[in-house]
Every structure is written in structure tokens, then in C-alpha cells.
Amino acid sequence: MVNTGKLTGKIIITGLIELKTGLHIGTSQETLEIGGMDNPVIRDPLTREPYIPGSSLKGKLRSLLERALFATQAHNDIDRFFNKSMRTGGNLIRHHECGAENCTVCRLFGASTGAGVKENRPGRLITEDSHMTQKSKEQLEAIDTGLYLTEQKWENTLDRITSAANPRQQERIPRGTEFNFTLIYTADLPPKDTLFKSDVKSIFTSLRLLEDDALGGSGSRGYGRVAFKDLTIRYRPLEYYTEAQDEIQFSQNGEDLLTFAEKVLAALE
Ligand SMILES: [Zn+2]
């Protein structure tokens, strides 16, 4: 019943990600430059500007929402809920993927199900790459750190007996830097539908959870704290695309993220 297969409209969420602490989203070893840093950040290959990959943001939002959803389950069976696993670099990575049409996580972030013939359900949420604002770029260009738009942070591990140090360097994007972000939710239900509301609220719940978590590497050492601000929500019904009907636009006026989302959902009913 819930999988209508119909495109009813889109919710476009835009705004700023502000770094409350330095951010490190690493890159693979193959792209290391000769004479470069030990731990460089990922950069746009053309502009050389550091950015936040949509996949990094999406992965973090999904993992936080999965754990929040698990907390609401009647059972406590971790293996039953986090039912899919893969091995990368010797690590076991478990996650949730049930494919149920009324499962918020699988609706938003997608799932592949089916035993014989694989049936992939694409997620309804698109998480775009986030690029640095012009203002932040100009501010960072004006200071000389020796690196383009980033800073170098030294980290130490001390031997517990001899106090011998093992210093290493890590590149990160400095605190205060801002990025433009865009999330696009493709709706298959009208805004008054309970699942539509639940999907949109869950997007904002995951953003709120991320504000008290960390993006990128070294989160437990204080890296990657972010805040989402100056949000705009646009609702574009199907008629926006087929008949050039106007979109409905809402701006966040200092409300917290969930209050803003609930206000928009009430107005769209
Ligand atoms: Zn699921």
C-alpha cells in the first residue's frame, strides 16, 4: 500500500554547515601527493578546495538514524536489527537494511532486498556534496597556514613508560568554516500522509543527532563537531514540474531544527 510508485513532489532542504571544531574527512592512499601530508583531507580534483562528500554526510546521518530507530524497537536483538554486514580492511561493518516500505531508514537511505532476484530500493533522500561558502574561502585564503584552505594539526601518542612521543600530522579544515549543503527528498505520498511527515521529521532528527555527534575522522578527539543553520525548506509538488506551479518556501527564523520541520509540515497539510 505505501509503495505508491508515484512521484508526488520534492522537498529541498538547503542551508549552512558550520564547523564548530576542525574537520578531517580523509582521502584514500592512492591520491596522496609526493611531499604531501600524512593524513590529507579530501579535495575537489579541479578546484583543490576541501569539501564534504555527500556520501560522508549520508553515511553518518544513516548510521545515527539506524541507532535511534533500533532504540525504539521492542526487541533487543542487535543481529536481527543490524542484519547486513560487510568486511572492509579487516573490520566487520554491520548495518540495518530490512527493505520494509514503512521503515524510515530504508525509505530514506535505500535498501537492497530479495533472495534470488535482487530488488534495489533507492533511497528517497539525496545528499549532495557540500562546498565551502565564498565568505569562508576568502577568510581562509587571507591567513597563511602553509596549506590551501586548511590547517595542519599535530597529534601525539605517548609511550606510557618512557614518555617517548610519536608525533604525526593531520590536515583539517579549521573551526568556523561554513559549507553550503543541500538535501533533496523525493516524495511518493502527499504531505498530509503520516509516512511523509515521519520521513521529513526523521531527516531533521538525524541532523539534530549529528549536531551532538561528529562528522569525519577523530570524532572522539573532538574533531568534526558541526551545526546546521539558516535553513530553507522548499516544497515542490509534482505540478511545479508539470505545470510550472509555484513552490512553497519556508525560512528558518531561529527555531530549532525539529520545531522548524514541524511548522513546515503543519503548513503543508
Ligand atoms: Zn529498514
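The values are calculated or read from the model by the stated rules, or taken from the named source; none is laboratory data. Keep in mind that this is a model prediction, so the values were computed, not measured. FYI the Cβ positions are ideal-geometry reconstructions off the backbone, even for glycines, and counts take in every protein chain you see. All accessible areas refer to the heavy atoms of the entire protein, side chains included, with ligands and DNA or RNA removed. Shrake-Rupley method; radii C 1.70, N 1.55, O 1.52, S 1.80 Å.
Compared with the direct C-alpha span, the chain from N253 to L147 gains 34.5 nm at full extension, assuming 0.36 nm per residue. Partnerless cysteines in the chain, where a partner means another cysteine C-beta under 4.7 angstrom, comprise C98. As I understand it, the value is the acute angle between the Cα axis of helix 194-211 and the longest principal axis of the Cα atoms of the chain; what does it come to in degrees, rounded to 10? For 194-211 against the chain, the angle is about 10 degrees. Of all the C-alpha pairs in the range 149-269, what % are more than 17 Å from each other? Percentage above 17 Å: 68. Within the range 135-262, what whole-number % of the accessible surface is contributed by carbon and sulfur, with the 1.4 Å probe and all protein chains included in the calculation? Answer for the range 135-262: carbon and sulfur cover 46 percent of the accessible area. Based on the Cβ-Cβ distance of T194 and I12, what FRET efficiency does E = 1/(1 + (r/R0)^6) give at R0 = 25 Å, to the nearest 0.05? E(calc), rounded to 0.05, equals 0.70. No solvent, one uniform scatterer per C-alpha: report log10 I(q)/I(0) for the range 43-115 via the Debye equation at q = 0.14 1/Å, two decimals. The calculated log intensity ratios at q = 0.14 Å⁻¹ are -0.55.
Between D212 and R48, the modelled label-to-label distance comes to 4.1 nm, taking each label 7 Å out from Cα in the direction of the beta carbon. In this rough spin-label picture, where each label sits 7 Å from Cα along the Cβ direction, the T162-A244 distance is 7.6 nm.
Given the range 80-206, report the % of alpha carbon pairs whose separation exceeds 27 Å.
Cα-Cα pairs in the range 80-206 separated by more than 27 Å: 52 percent.
In the assembled protein chains, R208 presents an accessible area of approximately 100 Å² (probe radius 1.4 Å).
Enter the angle in degrees (range 0 to 90, nearest 10) between the Cα long axis of helix 257-268 and the first principal axis of the Cα atoms of the chain, meaning the one along which they spread out most. Orientation of helix 257-268: about 20 degrees from the principal axis.
Volume of the convex hull of the chain (Cα atoms only), normalised per residue: 195 Å³. Alpha-carbon geometry of the range 176-222: the Rg and the Dmax are 14.6, 43 Å, given in that order. Among 77-84, 98-105, sorting by the average number of other beta carbon atoms lying within 10 angstrom of each residue, highest first, gives 98-105, 77-84. Taking each of K20/K263; K6/K192; K201/K229; K197/K229 in turn, the alpha-carbon distance tops 24 angstrom for K20/K263.
Coupling constants for the range 247-254 follow from the phi torsions by the Karplus curve (6.51 cos²θ - 1.76 cosθ + 1.60, θ = phi - 60°), and in residue order they are 7, 10, 10, 10, 10, 6, 10, x Hz; glycine and proline get x.
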